1. Please work out which residue is least open to solvent (accessible area, probe 1.4 Å), limiting yourself to the stretch A:21-35 and to residues that are under 30 Å from the mean Cα position of the chain (by Cα) and within 24 Å of residue B:159 (Cβ to Cβ).
2. Regarding residue B:147, is this residue under 30 Å from residue B:33 (Cα atoms) and at pLDDT 90 or above?
3. Being of a type in the set (S, T, N, Q) and open to solvent by 50 Å² or more (accessible area, probe 1.4 Å) is the filter; apply it to the stretch B:167-176 and report the residue that is farthest from the other protein chains (Cβ to nearest Cβ).
4. Restricting the search to the stretch A:223-251, which residues are in a strand (DSSP E or B) and surrounded by fewer than 18 Cβ atoms within 10 Å (Cβ to Cβ)?
5. What residue, of A:91, A:101, A:59, is touching a helix residue (DSSP H, G or I) at 6+ places or on another chain (Cβ under 8 Å), at pLDDT below 80 and either farther than 23 Å from residue B:21 by Cβ or more than 7 Å from chain B (Cβ to nearest Cβ) (or both)?
6. Quick check on residue B:180: is it among the charged types (D, E, K, R), outside the structural domain of residue B:45 (by TED's automatic domain parsing) and touching a Leu at 6+ places or on another chain (Cβ under 8 Å)?
7. For the stretch B:35-58, how many residues meet the condition of being part of a helix (DSSP H, G or I), open to solvent by 50 Å² or more (accessible area, probe 1.4 Å) and more than 16 Å from residue A:73 (Cβ to Cβ)?
8. When you scan the stretch A:199-207, do you find a residue that is open to solvent by 40 Å² or more (accessible area, probe 1.4 Å), modelled with pLDDT of 85 or more, away from chain B (no Cβ under 14 Å) and more than 23 Å from residue A:242 (Cα to Cα), even just one?
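The values are calculated or read from the model by the stated rules, or taken from the named source; none is laboratory data. Since we're looking at a predicted model, the values are computed, not measured. In this analysis, Cβ positions are derived from the backbone assuming ideal geometry, glycine residues included, and neighbour counts consider all displayed protein chains. Ligands, DNA and RNA are excluded from the accessible area calculation, which covers all protein heavy atoms including side chains. Shrake-Rupley method; radii C 1.70, N 1.55, O 1.52, S 1.80 Å.
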Amino acid sequence: MMNGHPQFDEAFDLYALGALDAQERGEMESHVKQCRQCAEKLAEARQRIAVVALSVPEVRPPEQIKKRLMDRVHSETQAAATGARRRHDDVAAPAKGTAGVFDFFRRPSLAWSFAACAALLAVVFAVRSSHLQQQLSQQQQQLASLQDSAAHDRLVSGLLTGNDTQRVLLTEAQGPSHPEGRVYYHPSRGLLFYANNLPALPAGRAYELWVIPAQGAPIPAGTFQPNARGEGSVILPALPSGVTAKAFAVTLEPAGGVPLPTGPKVLVGAPA
Amino acid sequence: MAGSIQAFEQESDSSLAARVARQDESALAALYDRHSTALYSLLRRILRDESACEEVLQDVFLHLWRNAARFDQERGALRGWLLVMARNRAISHLRKRTLGEPDDVELYAVSSDPRQDTVVVQNDLVARVRGVMSQLPGEQGSLFEMAYFEGMTHSEIAERTGQPLGTVKTRLRTALTSLRRAFE
């Protein structure tokens with residue numbers, strides 16, 4: 001590659017084809033992370049390569065594959081519904097003295113007490129176990145990728161209780177402050193985010209969380225969809241390490257998320 | 001019932017994907033009916049094993065079921081995403097390694113080309129691609145097939161065929177130049 005850009009446009013097709021050897025593939029991946037134009041060319045190449053698949057003579061799949069697929073899907077749906085009912089029962093009748101995490105956010109004057117952190121931890125762990133919950137599918141993927149569950153729990157715990165963790169209240173960018181979010185952020189340990197009172201999303205849209213670094217462009221920190229009660233969360237998103245944050249924000253974006261914010265700010269907040 | 005099936009057939013992929021994101025099983029069934037033949041045909045070509053084909057086909061649609069909320073029609077065609085997933089997973093299965101080409105919808109996203117949205121244009125495009133593939137000179141065609149259907153890299157193809165690495169690279173690049181012309 002010359003100056004990072006591939007020497008030939010066919011290099012994008014070769015990458016999509018999977019024909020590049022490891023070093024060339026690594027160079028391409030590094031470059032497209034920084035070059036939007038080349039990222040677009042690569043995506044176009046992926047579509048070209050995909051269409052080649054349609055040149056294969058057609059063979060209809062046996063009918064029983066569809067039946068087995070739909071049986072599996074139906075089983076997942078049933079399991080998720082059962083889990084959701086259990087969670088609803090748990091939330092509807094909390095133990096005396098233990099407020100839900102989202103009630104916690106509704107009390108602006110509440111200190112960062114140990115009890116509150118414990119309540120948060122309980123909910124975080126409950127959320128982590130809710131693998132079939134639709135609105136947490138993104139977190140589900142992130143969590144599934146963490147092979148060491150105990151290490152993950154320690155990360156969450158450390159972030160919530162660490163003296164050097166930044167705790168930032170995010171409020172509505174404009175208008176009266178009804179939606180609220182809380183960020184727990186440490187440059188090397190990661191980020192936790194919870195919000196409540198979020199408006200329902202239009203079709204095809206998602207909320208996207210951003211870390212605004214002291215220097216440089218906003219860093220995407222995950223998309224999320226609020227549940228029926230307007231509550232949403234992002235837990236330990238993939239972020240570059242060592243970034244000093246000067247602010248955090250939530251914007252309204254296309255459902256798949258975007259590399260840079262394009263939509264209106266819903267929540268913003270800066271460390272004290 | 002027939003009316004509802006007809007309604008699904010007229011419904012766009014985007015709309016069906018939105019229904020799938022809301023856990024509508026009938027929408028997933030409609031997308032399966034629409035795209036499973038293309039995916040299964042590709043899987044049969046790569047894997048040549050019935051049980052492996054079923055495993056990967058189910059895996060692709062389960063991934064769609066669990067991740068449809070992340071799909072945005074404005075940033076790429078659903079069929080393309082499904083085909084990329086199917087090919088990547090089939091080759092991973094075949095080679096017992098990842099292709100090095102992620103199938104995440106984010107990375108696949110591209111500004112949609114509305115010219116590719118109609119059935120007529122799609123059919124025309126596929127016909128042109130088939131034409132290009134069938135007219136590739138013998139050596140170029142077989143190298144391309146090793147890369148496409150077996151997931152082989154330049155070096156692996158050179159090693160298998162005994163051709164110099166530079167020759168393999170040139171021939172594959174020339175084949176891809178021909179392919180790109182089908183999209184112009």
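1. Going residue by residue through the stretch A:21-35, those that are under 30 Å from the mean Cα position of the chain (by Cα) are A:22-35.
Of the ones still in play, those that are also within 24 Å of residue B:159 (Cβ to Cβ) are A:22-29.
Values: A:22: 72, A:23: 139, A:24: 50, A:25: 54, A:26: 29, A:27: 73, A:28: 1, A:29: 65 Å².
So, considering only residues that are under 30 Å from the mean Cα position of the chain (by Cα) and within 24 Å of residue B:159 (Cβ to Cβ), the one least open to solvent (accessible area, probe 1.4 Å) is A:28.
2. Working: under 30 Å from residue B:33 (Cα atoms): yes; at pLDDT 90 or above: yes.
So residue B:147 passes the test.
3. In this case the residue turns out to be B:170.
4. A:246, A:247
5. Just a single option satisfies the conditions, and that option is A:101.
6. So residue B:180 fails the test.
7. First, the residues of the stretch B:35-58 that are part of a helix (DSSP H, G or I): B:35-47, B:50-58.
Applying the additional criterion that residues be open to solvent by 50 Å² or more (accessible area, probe 1.4 Å) yields B:44-45, B:50-51, B:55.
Checking the rest, the ones that are also more than 16 Å from residue A:73 (Cβ to Cβ) come to B:44-45, B:50-51.
So the answer is 4.
8. Within the stretch A:199-207 (the criterion being open to solvent by 40 Å² or more (accessible area, probe 1.4 Å), modelled with pLDDT of 85 or more, away from chain B (no Cβ under 14 Å) and more than 23 Å from residue A:242 (Cα to Cα)), the answer is yes, since at least one residue qualifies.
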